[in-house]
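The values are calculated or read from the model by the stated rules, or taken from the named source; none is laboratory data. Everything numeric in this text was worked out from a predicted model, so none of it was measured. Backbone-built Cβ (ideal geometry, glycine too); neighbour counts: all protein chains shown. These accessible areas exclude ligands, DNA and RNA; they are computed on the full protein's heavy atoms, side chains included. Shrake-Rupley method; radii C 1.70, N 1.55, O 1.52, S 1.80 Å.
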Amino acid sequence: MEGYKSFLVFLVSSLLLGFLGVIFVLVWVLHWREGLGWDGGFAEFNWHPVLVITGFIFIEGIAIIVYRLPWTWKCSKLLMKSIHAGLHLIAMVLMIVSLVAVFDYHNARNIPNMYSLHSWVGLTVVILFALQLVLSFLVYLLPFASPSLRAALMPVHVYSGILLYGSIIATALMGFTEKLIFALKSPAYSTLPPEGIFVNTLGLLIIVFGALVIWMVTQPAWKRPQDQSGNTPHPNRCTSDGSDGGSMATDCNITDNKSDVEQNSESARKRNLKLDEADQRSTM
C-alpha cells in the first residue's frame, strides 16, 4: 500500500475527531439541554442530535472507509461486504429512532412537522439513503446480479454514497443552527454565549471528520486491491492462455529463447571439443 503511514495518520485523526464529536454532542445535551429521556419533552428530542452524530455521521463514516483498512485485505470480500452493509444498517436504525424522537416530541408539544429546510433535506436524505441501502443489498450481497451489472452500478454506488454523506453533514449543520436560534434567547445566539460557541465547535469537528473520510475514500492508492485468489500466475511460470496481460508471456518467451540459445551454444562447444580431441588423436 502506497503511503501507508499517511493513511494511518488520516485514519487515527478521523477516528479521534469522530469520537470527539460524539463526546461533544453528549456534553451538549447533558450539560445544556436537559439530558436524555423518552417522555415527550426536551430530553426526548435530544436523542435526535445524539443518534444522528453517533450513527449517521460517525458510524457511517467508518462504514465508508472500512474497505480502505489494509489489515482487512486478507479477509474475504463477502465478509467485508457484510461488515460494510451491517454498519450502514446500524446507522440507518439509529437514524430512524432519532426521527421517531423528533416527531414524538413535536406531536406532544403541538409543534408543526416538516416545515423547515432542515427537515425537508433531512427526510430526503434518509429516504435516498434507505433506497441506496436496499439497492446495494440486492445487487452486491445477493448472488442474483450479474458481474456486468455490478460493475456498471459501482460508480453510481460510490458517487451516491459520498454525495449522501456530504448531505448528511450539511443537514446536521443546518439542524445545529436552527436549534440554537430557537433555544438561545437570553443570552441570544448572536451574542456568542458559551453554548453557541461549543456547538459551533462541534460543527467544525464534524466538517473536518467528514472531509478526512471523503479524502481517504477517494484516494486510488488506498483502494482495496482486486481479489486474486487462485488467478495469479507464478512470476516464473508462463500461463497457457497468456492471461497475464502479454508482458508476462513475452518475458517467459524471452527467457525460454535465451535458455534454448544457451543450450545450443553449450552443445556446439562440446561438439567442437570432441572434434578437436579426435583431430589431436589422429595426428599423434
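Which three numbers, in whole Å and largest first, are the semi-axes of the equivalent ellipsoid of segment 69-116 derived from its Cα gyration tensor as √(5λ)? Before the final figure, lay out each step's value.
Values: eigenvalues 305, 14, 9 Å².
Whole-Å semi-axes of the equivalent ellipsoid: 39, 8, 7.
Roughly speaking, to the nearest percent, how much of segment 1-82's 1.4 Å accessible area is carbon and sulfur? It would help to have the intermediate numbers written out before the result.
Numbers: 2830 of 3990 Å².
On segment 1-82, the fraction of accessible area on carbon and sulfur atoms equals 71 percent.
Show me the GluC sites (Glu not before Pro) within segment 31-95 that DSSP assigns to loop and that have at most 15 other Cβ atoms within 10 Å of their Cβ. Mind showing how you got there, number by number?
Details: sites: GLU34, GLU44, GLU60; in loops: GLU34.
Passing sites in segment 31-95 are GLU34.
For a quick check of your reading of the filter: which trypsin sites (Lys or Arg not before Pro) in segment 48-82 sit in a DSSP loop and have no more than 13 other Cβ atoms within 10 Å? Present the calculation step by step, with values, prior to reporting the outcome.
Details: sites: ARG68, LYS74, LYS77, LYS81; in loops: LYS74.
Here the sparse-neighbourhood loop sites are LYS74.
Count neighbours as other Cβ atoms within 10 Å of each site's Cβ, and list the chymotrypsin sites (Phe, Trp or Tyr not before Pro) in segment 1-96 that are DSSP loop with at most 14 such neighbours. Write down the numbers at each step before the final one.
Details: sites: TYR4, PHE7, PHE10, PHE19, PHE24, TRP28, TRP32, TRP38, PHE42, PHE45, TRP47, PHE56, PHE58, TYR67, TRP71, TRP73; in loops: TRP38, TRP73.
Hits after loop and neighbour filter: TRP38, TRP73.
Which percent of the accessible heavy-atom area of segment 114-208 goes to carbon and sulfur, probe 1.4 angstrom?
Reported share for carbon and sulfur atoms: 80 percent.
Please report, in debye to the nearest 20, how large the charge dipole of segment 88-238 is about its Cα centre when each Lys and Arg carries +1 at its beta carbon and each Asp and Glu carries -1 there. Display every interim value, and only then the final one.
Details: 7 positive and 4 negative charges, 62 e Å.
Dipole size: approximately 300 debye.
Order the following by accessible area, largest value first: HIS31, HIS84. Probe radius 1.4 Å; ligands, DNA and RNA are ignored.
Details: HIS31 130, HIS84 30 Å².
Largest accessible area first, the residues go HIS31, HIS84.
How much area per residue is accessible in segment 153-202 when the probe is 1.4 Å and only protein heavy atoms are counted (Å²)? Show your work: numbers first, answer last.
Details: 2550 Å² over 50 residues.
Result: 51 Å² per residue.
Express in whole angstrom the spacing between the alpha-carbon centres of segment 132-178 and segment 198-217.
Taking the Cα centre of segment 198-217 as reference, the centre of segment 132-178 is 20 Å away.
At 1.4 Å probe size, put LYS223, LYS185 in order of accessible surface, largest to smallest.
Details: LYS223 115, LYS185 140 Å².
Highest to lowest solvent-accessible surface, that is LYS185, LYS223.
At 1.4 Å probe size, with every protein chain present, just tell me what the per residue accessible area of segment 3-108 comes to in Å². Kindly include the intermediate steps, with their values, before the conclusion.
On the way: 4930 Å² over 106 residues.
Per-residue accessible area for segment 3-108 comes out at 47 Å².
Taking θ = phi - 60°, what integer Hz values does the Karplus form 6.51 cos²θ - 1.76 cosθ + 1.60 yield along segment 13-19, in sequence order, with x for Gly and Pro?
4, 5, 5, 5, 5, x, 5
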